[in-house]
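What follows is calculated from the coordinates using simple rules that are stated; it is not laboratory data. As the structure is a prediction and not an experimental result, all values here were calculated from the model. Positions of Cβ are generated from backbone atoms using ideal geometry, with glycine treated the same way; all protein chains shown enter the neighbour counts.
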Amino acid sequence: MSASKRNRRSPIIATTILVGFLCAGAAPSPAVRPGLAAPPNFSPDSIVGWIAVPGGFKPPAIGPGPVTDDPAHRLVVNLLPNYPPSGRIQGAQPTFPVADLNNPILQPWAREELKKRNERILSGGTGFSRQASCWPIGVPGFLLHGVQPVYFIQTAKEVIMVWQEDYQIRRIYLNVPHSVHVTPSWFGESVGHYEEDTLVIDTIGMNDKTWIDNYRTPHTDRLHVTERFRIIDGGKTLEVNVHVEDPGAFTTPWNAIQRYTHAEFGPMIEVSCAEGMMNDYFHQDVEPIPQADKPDF
């Protein structure tokens with residue numbers, strides 16, 4: 001059965017159920033399929049989340065990799081004491097990320113978009129990420145959510161990833177093919193399967209309203225992302241190997257790595273983005289909170 005034919009509840013109902021379930025302190029165990037080894041458990045200690053290691057996507061050991069910092073304008077981060085090192089400069093005054101325009105993966109139009117953003121930042125403008133204004137960040141940008149933890153719910157038919165801030169949700173339907181016709185959306189259509197200790201996720205059907213990363217690297221609706229999630233370092237680290245293809249924005253497929261550390265924060269807490277005070281603390285030049293003129297379900 002294709003992913004589009006599976007029962008999908010509305011985002012509001014799904015969020016309410018998920019938050020209530022997580023706050024109750026009962027994390028389901030992944031289903032064990034007959035004749036196969038048990039799949040990896042991404043929530044092994046009752047309720048446990050994962051915190052993304054700051055610093056954006058990490059390049060692969062060899063081959064084309066993601067957009068990274070401009071060597072002449074390294075990012076300065078102000079990390080919390082218990083955060084793992086990110087390879088970035090730590091200072092009292094954080095800066096906005098400035099992209100390296102020399103990365104050969106960029107098609108000319110994509111490089112030009114990044115150049116405009118770089119110029120804005122270097123001339124004293126702001127470069128806030130869109131999730132600061134409650135916009136969905138899409139895929140693979142979802143992997144870059146920092147500060148707030150990501151929680152996993154695993155069942156026999158799907159894996160649900162919930163980011164604590166704003167309750168942004170990704171749904172991965174297991175052991176089914178992609179729909180014949182996929183309507184572009186913020187997070188696209190994700191299908192997946194387990195390969196021994198690894199969750200493999202294949203995502204297509206994303207609209208072109210999101211960015212790849214916090215540099216705002218653009219993409220088209222031809223974007224195709226494959227992610228491989230596995231737990232390493234004796235359970236201390238969640239590693240995601242990412243493969244990105246988009247012949248509309250990039251000159252070649254490329255790979256990246258993201259890692260998470262254990263975040264034993266307990267049950268998920270309520271962090272409402274649009275109704276909270278976490279946006280535009282100092283009246284900076286940020287994008288407005290998105291407003292829907294009609295229901296999307």
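Here is how the numbers come out for the structure above:
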item	result
Exceeding the 29 Å Cα-Cα cut-off - candidates 58/115; 116/209; 209/236; 115/294; 115/236	209/236; 115/294; 115/236
Estimated translational D of segment 94-248 in µm²/s (Stokes, Kirkwood radius over Cα pairs; 4 °C; 1.567 mPa s)	77
Cα gyration tensor, segment 103-194 - rounded (a/c under 1.5), prolate or oblate	oblate
Gain in span if fully extended, residue 107 to residue 245, counting 0.36 nm per residue against the direct Cα distance	48.4 nm
Sorted peptide list for 171-177, 144-150, 214-220, 114-120, criterion being average Cβ within 10 angstrom, highest first	214-220, 144-150, 171-177, 114-120
Sites residue 233 and residue 93, calculated FRET efficiency, Cβ-Cβ separation with R0 22 Å, nearest 0.05	0.10
Calculated SAXS-style log₁₀ I(q)/I(0) at q = 0.17, 0.19, 0.24 Å⁻¹ - segment 168-222, Debye, Cα scatterers	-0.61, -0.73, -0.98
